[in-house]
Amino acid sequence: MAMAGLMASVFVGSVAARADTTDELLDQLKAKGVLTKGEYSKLKQRHAAETSKAGPRGAAPVVGNGRYLTALDKGVGFRIPGQQIVTKDNGVVSVGDVDVKLTGALIFFGAETFKNNVSGTALVGGVTGGLSGGSTVNNANSIRSGLLPSNVVLSLATNQMGWDLGFTVGAYFGGNNVFVGSDPRNANAGGSAFALGTPGIDLRQVFGTIGTPELGSLKIGRDLGLFGGQAILNDFTLFGVGTAAGNAAPGNTALGRIGLGYVYADWIPQITYTTPGWNGFTASVGLFSPLAATDIFTGGLTSGVMTAHDQPQFQGQIKYVGQLAPDFKLTAWVDGITQLQRAEVGDSVTAFISAGSHTRSSGVDGGARVDWNGFSVVGYGYWGSALGTTGLFWQALSPDGQARKSSGWYAEAEYTFGSSPYLPGFLGGDRFTIGGSFGQSFLQANSFDTGTVFGAVYEPFLLHTNQSAIGFVRYKLTDWVAFQAEFINSKSINQSGGSFTTNAVVGGTTFFF
């Protein structure tokens, strides 16, 4: 019986064997009791799968090119072809193609920020939460990352038993030395411009997806948030620098328009469901790991701090992408966010917040992008209560735990020159782009901040406005390499009208593959 089973395996494993001969052999082995009904069924399934791969009956066997790995349609990577795998108990498992893709970027810019111009009360107390900081005496120069740091992202994609599965992990590198201290932003805090320092690796992205075209998809892991996500993905300084905060000792990234038109979406652990597409529309909703309401600028002296989390953070998004004409594309979106902030024992750095007190943070945003011929135009705005500014829930509360309102917007436009007999050859062919943008973020003082209620503390130096105007040119040398130069004017204004104003110029390159 063992010998007969081995012979059957040899015959079934040979794709050159005639299908009728193998079928007859299996039938005879079953009739003589050599194969059980279950063994017979499994071997028939295996033979049918191998016959299907070999081609029609009587046809010559398919000859491969000798390579197990084949090129992907897009990206840098390879495809592992799917196959039928026989398990130890002679079961047959079908494994789909597995796409292995590696993407990445190398991003460095030379940045020169000029000394600050200071006016009014900012001469005395500065701007708490201002992004236009720096020396009032000296310029600052650095070679640094842009808004997007250098990165390497690995992704796997396959289909198993009818389910589309994906896995992604991304490592991001700023290039400059990190400061290892108590700042809650870790490597995204200010850097350390000293000899023998080391750069940081930001493993900000790791998630998996499961879904089908009919059911939609579920994302589990750490990835970019929904609220504010489209704002940063459509920020034209994503390929540049924008406001180069902390230029004398850069951290992992520049700011772009973060805090100067939108609140940073951040990379947050989440469970997010996205519906199938319907006439260009998709909807997403997710549970996110909650984040603390905090004051990173003064350690809680000008803003309330709440770190207890007894509920998840909720985010949602409705998005539309439509090709309305061959040369006209519209992208539009609206997002929402809400989270309950609750004070924990130890959060009361002032006498105004008691443990267990709570405030709800919430916000909405929306925007639209139009791509028409060589033009791209984006408009965006947000509003929130206890939402904060720059980062989620930064300076969101006054020292008594009362919500502060915040809002912001940005508008930008760019034009990419196509082929034209009136342009030099190196400028045409969708290689040369010119553009600009302007944006503002506002933080509104409440009755406690203005000192108009009993026990209140007047906050004259608290941030009121961060704004910037940016002009840029970009040249695409190859499909992978582009150069960009920018001029940036950034201004921060406190609640009493004092301000910092900084100008900067940057130039550098991005390698995307």
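Throughout, read-outs are computed from the coordinates displayed, never taken from laboratory work. Computed from a prediction, not measured in an experiment: that's the story for all the values here. When we count neighbours, we look across all protein chains shown, and the Cβ atoms used for this are built from the backbone with ideal geometry, even at glycine.
Things worth noting here:
- Segment 142-223 - charge dipole about Cα centre, Lys and Arg +1 at Cβ, Asp and Glu -1, debye rounded to 20: 240 debye
- In plain terms, the bigger the Kirkwood radius, the slower the diffusion; for segment 159-227, with that radius from Cα pairs, at 37 °C and 0.692 mPa s, Stokes-Einstein puts D at 223 µm²/s.
- Sites residue 318 and residue 212 - FRET efficiency at Förster radius 25 Å, r taken between beta-carbons, to 0.05: 0.75
- Its Kirkwood hydrodynamic radius, worked out from the mean inverse distance over all distinct Cα pairs, puts segment 300-426 at 17.5 Å.
- All other residues whose Cβ lies under 11 angstrom from that of residue 275 are scored, Lys and Arg at +1 and Asp and Glu at -1, for a net of 0.
- Under 14 Å, Cβ to Cβ, from residue 342 - net charge with Lys/Arg +1 and Asp/Glu -1: -2
- Neighbourhood charge, 12 Å Cβ-Cβ cut-off, centred on residue 292 and excluding it, Lys, Arg +1 and Asp, Glu -1: -2
- Its alpha carbons considered, segment 471-513 gives a radius of gyration followed by a Dmax of 15.8, 49 Å.
- Grouping the Cα pair distances of segment 354-513 into 5 Å bins from zero gives a pair-distance distribution of 2, 8, 13, 14, 15, 12, 10, 8, 7, 5, 3, 2, 1, 0, 0 percent in increasing distance order.
- Förster radius 35 Å - calculated FRET efficiency between residue 139 and residue 509 (Cβ-Cβ, nearest 0.05): 0.95
- Per the Kirkwood formula applied to alpha carbons, segment 98-512 shows a radius of gyration over Rh ratio, Rg over Rh, of 0.97.
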